[in-house]
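Below is one structure; the comments refer to it alone.
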Amino acid sequence: HGLTTALPTALDRGEFFIEYQPLVHLGDGSVRGAEALVRWLHPQHGVLSPDRFIPLAEHTGLIVPLGRWVLEQSVRQARAWRDANGGDALGPLRINVNLSPCQLTHPGLVQDTVEILERTGVTPDALCLEVTESALIGADDDLLKPLRRLAEMGVDIALDDFGTGYSNLANLRRLPVSVLKLDRSFTQGMQRFPADPVDLKIVEGIVALAHSLDLAVTVEGVETGAQAEQLRILGCDTAQGWYYARPGPPERLHELALVDA
Ligand code: G
Ligand code: G
Ligand code: MN
Ligand code: NA
């Protein structure tokens, strides 16, 4: 339909833009970075969420140039935040960028990433690439190789939507990931205070496993202070959600980080 025909030229027409949602340290509440979330400003339909067009972009192959554009814009933005602070006065704000499975199998991923980091003068440790758990289930060595290369360079790899993909937990040791992003469904279980004891046990177990493997735990979808507090007590490291801020323009992130410094 209409979206399918408009999508291939949307990138050239400059119709995509990126919103940023802060990632907050649960221990002290400081803003540590942001996740980049792409949107399409469609001339007829208005702002479309990624759920509406990412599957289409994957299907048509546009996801590779679109993903590269998102990566470059986001890393440039991380550099701009740093410059606006006169260096690293706030501590470097880190940037999380989502990778689709098609980008993982595209041969240019490592080189594109290296070039973008070099062009922008951003160090690899300021970048975290998010890959969904389902994209890595049963991943063979060929699929993992580019992620390993990036991880060796110092780029963080996060396992997104963790807990929804039925992956073998022992399998985690084989993956070059340094962050688990706990799926929103776990956070929803923390809505009541005190939370359901079974939910608490499950999250406690995942955090213990993650930390024993030297992985940091980020929680998504935090909407209330009670959720944040229970997840902090359970040992989660970083949080993201409407309780802190909705995804918004880059200036917003900078203000949030400054207020809190
Ligand atoms: O922003 P929103 O909450 O609507 O995001 C919906 C989904 O779209 C999330 O799962 C997110 O991971 C995905 N998404 C957002 N931006 C990108 C992107 O640049 N690339 C890919 N592959 N997925 C994205
Ligand atoms: O990559 P991922 O699918 O996790 O992208 C995050 C998605 O979750 C985005 O669509 C974002 O708009 C959405 N989101 C972010 N914070 C919250 C929140 O606190 N509650 C809910 N329900 N959705 C959120
Ligand atoms: Mn994500
Ligand atoms: Na997610």
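The values are calculated or read from the model by the stated rules, or taken from the named source; none is laboratory data. Nothing here was measured: the structure is a model prediction, and the numbers come from that model. All Cβ positions, glycine included, derive from the backbone under ideal geometry; neighbour counts span all protein chains shown.
Overview of values
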{"quantity": "From the options Asp125, Asp140, residue that is in contact with a Gly (Cβ under 9 Å, 6 or more places away or on another chain) and either away from ligand 4 (no atom under 16 Å from the Cβ) or of a type outside the set (Asp, Glu) (or both)", "calculated": "Asp125"}
{"quantity": "Helices (runs of 4 or more DSSP H) fully within segment 153-261 counting 3 or more residues that are β-branched (Val, Ile, Thr) and more than 16 Å from ligand 4 (Cβ to nearest atom)", "calculated": "197-212"}
{"quantity": "Residue selected from segment 48-61 under the condition assigned to a helix (DSSP H, G or I), in contact with a helix residue (DSSP H, G or I) (Cβ under 8 Å, 6 or more places away or on another chain) and not basic (Lys, Arg), by the criterion farthest from ligand 1 (Cβ to nearest atom)", "calculated": "Thr60"}
{"quantity": "Some residue of segment 85-101 being over 27 Å from His254 (Cβ atoms), at pLDDT below 95 and either surrounded by 14 or more Cβ atoms within 10 Å (Cβ to Cβ) or small (Gly, Ala, Ser) (or both)", "calculated": "yes"}
{"quantity": "Subset tally (residues that are closer than 11 Å to Val24 by Cβ and over 19 Å from the mean Cα position of the chain (by Cα)) for segment 203-261", "calculated": "2"}
{"quantity": "Tally of residues being β-branched (Val, Ile, Thr) and more than 16 Å from ligand 2 (Cβ to nearest atom) across segment 41-74", "calculated": "2"}
{"quantity": "Every residue from segment 133-164 that is surrounded by fewer than 18 Cβ atoms within 10 Å (Cβ to Cβ) and within 16 Å of ligand 2 (Cβ to nearest atom)", "calculated": "Ser134, Thr164"}
{"quantity": "Hits in segment 207-221 - residues which are in contact (Cβ under 8 Å) with a residue 12 or more places away in the chain, of a type outside the set (A, V, I, L, M) and surrounded by fewer than 17 Cβ atoms within 10 Å (Cβ to Cβ)", "calculated": "His211, Asp214"}
{"quantity": "Candidate set from segment 222-259 (those that are more than 16 Å from ligand 1 (Cβ to nearest atom) and closer than 18 Å to Gln77 by Cβ); member that is surrounded by the fewest Cβ atoms within 10 Å (Cβ to Cβ)", "calculated": "Glu251"}
{"quantity": "Considering residues of segment 16-40 that are of a type in the set (Asp, Glu) and either within 17 Å of the chain's Cα centre (by Cα) or under 18 Å from Pro247 (Cα atoms) (or both) only, the residue nearest to ligand 2 (Cβ to nearest atom)", "calculated": "Glu35"}
{"quantity": "Conditions (1) touching a residue at least 60 places away in the same chain (Cβ under 8 Å); (2) closer than 21 Å to Ser100 by Cβ; number of the one not met by Ala239", "calculated": "(2)"}
{"quantity": "The listed residue being touching a Pro at 6+ places or on another chain (Cβ under 9 Å), in a strand (DSSP E or B) and within 23 Å of Leu23 (Cβ to Cβ), out of Ala78, Ala34", "calculated": "Ala34"}
{"quantity": "Pairs, first closer than 20 Å to Thr105 by Cα and outside any strand (DSSP E or B) in segment 123-134, second among the hydrophobic types (A, V, I, L, M, F, W, C) and within 12 Å of ligand 3 (Cβ to nearest atom), C-beta under 6 Å, six or more apart", "calculated": "Glu133/Leu159; Glu133/Phe162"}
{"quantity": "Failed condition for His45, given (1) more than 14 Å from ligand 1 (Cβ to nearest atom); (2) closer than 22 Å to Asp156 by Cβ", "calculated": "(2)"}
